[in-house]
Amino acid sequence: MVRFSRHGEVLRIDLARSILGRGRYWTTAYMVGPLLVDSGCAHTANELVAGLNQKGLRPEILLNTHSHEDHIGGNAAITRTFSDIRVLAHPEALMVMADPRGRQPEQPYRRLFWGWPEPSSGTPIREGDTIDAGELQFRVIETPGHSPDHLCLFEPDRGWLFSGDLYVGGRDRALRSGSDIGGVISSLERVAALPVITLFPGSARIPEDPAATLAAKIAWLRSIRDRVLALHAQGLGVGRIAREAFGPPMGIELLTLGHFSRRWLVRSILASEGS
Ligand SMILES: [Zn+2]
C-alpha cells in the first residue's frame with residue numbers, strides 16, 4: 001500500500017504491507033527534488049517503483065537514514081529501475097545492506113510486516129558531508145541511538161529536518177532490542193539545537209511545532225530515565241522496574257516476541273548509566 005501526499009516541495013510517501021485490507025506498520029519515505037529519503041520495506045518495493053514511475057519521478061540519489069529493513073527494503077528494486085541512481089548511507093548501514101539476512105536476522109513479525117530486503121550497495125556518507133541536490137544542500141548528521149548507523153538530514157535554507165526513526169512521535173514505554181536510549185537522547189538534543197522549521201519523521205504525523213515536539217520528546221525520555229534509575233536505586237530488578245515504570249505487559253511485546261519491550265527500555269537506560 002502506497003500513499004503519496006504533498007507538503008510544499010516535499011513529497012511524502014507512506015508505505016505499508018496490506019494485510020486483510022489494511023496497511024500495517026507504516027514507514028515513510030520522502031522525495032524532494034532528485035533526492036529519495038529511504039525506500040520502505042521489501043513488501044512495498046514494487047509499489048513504490050510503480051508509484052514513482054506513474055508520477056514521472058526519477059530519483060537520482062537515494063539516502064538511507066539507517067539499515068532497518070523498513071527503510072532499505074526497496075533499494076534493490078529502485079536501483080534496478082533507476083540504474084544511474086547514487087545510493088548513500090552510513091558505512092555500518094552499508095555492511096547490513098550488503099547482507100541483510102546475515103547481518104540483521106529477523107523475527108517472524110518483521111518478516112510478516114516488512115520482509116527480507118534484497119542485498120544492495122552504496123557509497124558511504126558521514127557526519128559533516130553534504131548531499132548536493134540541485135538548489136538544496138542537505139547536511140548529514142550522525143544520530144546514533146535508534147540504530148548505530150542512523151543519519152538525519154538537515155537542509156539549512158528551508159529549515160527541514162529529515163529525522164528517520166530518531167523521531168517518530170509517541171511517548172515510548174518500550175524499546176527495540178539493539179537500540180540505545182542514551183544515544184537517542186543525545187542525538188535528539190543535537191537535532192533540537194538546529195533551527196528546524198519542518199520536521200519530516202520516519203513515520204507518524206509531521207508536527208506543527210517541531211521545536212516544542214522535540215523538546216517534549218526529550219523531556220519524556222529524560223523523565224522515564226530518571227524514574228527507572230530511581231527504581232533501580234531502590235534495588236528493584238529489571239522486571240519489577242518495567243512494571244512499576246511502564247505498567248502491565250503490552251500487546252507489542254507479545255507480537256514481537258519480546259524484541260520490542262519495556263524490559264529492553266529498562267536495560268538500555270541502566271546500560272547507558274553504567275548501572
Ligand atoms: Zn528503524
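General remarks:
- Nearest 10 degrees, 0 to 90: helix 210-233 Cα axis against the chain principal axis: 30
- Each part gets one Cα centre, and for segment 240-275 versus segment 195-221 those centres are 24 Å apart.
- In the elastic network of the chain, a GNM with C-alpha springs shorter than 10 Å, the most mobile of Tyr30, Tyr109, Tyr167 is Tyr109.
- Positive minus negative residues near Phe154 (Lys, Arg vs Asp, Glu; Cβ under 13 Å): -2
- Helical content alone sets the calculated 222 nm signal of the chain at -10500 deg cm²/dmol, taking -39,500 (n - 2.57) per DSSP H segment of four or more residues and averaging over every residue.
- Stretched out straight at 0.36 nm per residue, the stretch from Ser223 to Asp157 would grow longer than its current Cα-Cα span by 20.4 nm.
- Near Phe200, the amide H atoms lying under 5 Å from its own belong to Leu161, Phe162, Ser163; only residues 5 or more places off or on other chains count, and H is placed 1.01 Å from N.
- Annotation for segment 67-174: trypsin sites (Lys or Arg not before Pro) lying in DSSP loop with at most 12 further Cβ atoms inside 10 Å of their Cβ are Arg126, Arg171.
- The angle between the Cα long axis of helix 262-272 and the longest principal axis of the Cα atoms of the chain comes to about 90 degrees, rounded to the nearest 10.
- Note on segment 114-204: with neighbouring protein chains present and a 1.4 Å probe, carbon and sulfur make up 49 percent of its accessible heavy-atom surface.
- Rounded FRET efficiency, nearest 0.05, which uses the C-beta distance separating Arg6 from Arg101 and R0 of 41 Å: 0.70
- Cβ charges +1 (Lys, Arg) and -1 (Asp, Glu), total dipole of the chain, debye: 1080
- Euclidean distance of C-alpha centroids, segment 136-154 and segment 1-35, integer Å: 20
- FRET efficiency, Ile197 to Asp132 (Cβ-Cβ, R0 22 Å, nearest 0.05): 0.60
- Charge dipole (Cα centre; +1 on Lys/Arg Cβ, -1 on Asp/Glu Cβ; no other charges) of segment 88-215 amounts to roughly 520 debye.
- The chain, relative contact order in percent, only Cα pairs under 8 angstrom and at least six apart counted: 13
- Within-12-Å neighbourhood charge of Asp70 [Cβ basis; K, R +1; D, E -1]: 0
- Å² per residue, accessible surface of segment 194-275 at 1.4 Å: 52
- For segment 1-95, averaging the sequence separation of C-alpha pairs within contact (under 8 Å, six or more residues apart) and dividing by the residue count gives a relative contact order of 23 percent.
- Nearest 10 degrees, 0 to 90: helix 45-54 Cα axis against the chain principal axis: 40
- Taking amide H positions as modeled 1.01 Å from N, with prolines and chain starts lacking one, the residues under 5 Å from Arg86 and 5 or more places away or on another chain are Ile61, Leu62.
The values are calculated or read from the model by the stated rules, or taken from the named source; none is laboratory data. In this text, all values refer to a predicted model and were calculated from it rather than measured experimentally. Counting neighbours? That spans all protein chains shown, and the Cβs are built from the backbone with ideal geometry, glycine included. Heads up: the accessible areas ignore ligands, DNA and RNA and are worked out on the full protein's heavy atoms, side chains in. Shrake-Rupley method; radii C 1.70, N 1.55, O 1.52, S 1.80 Å.
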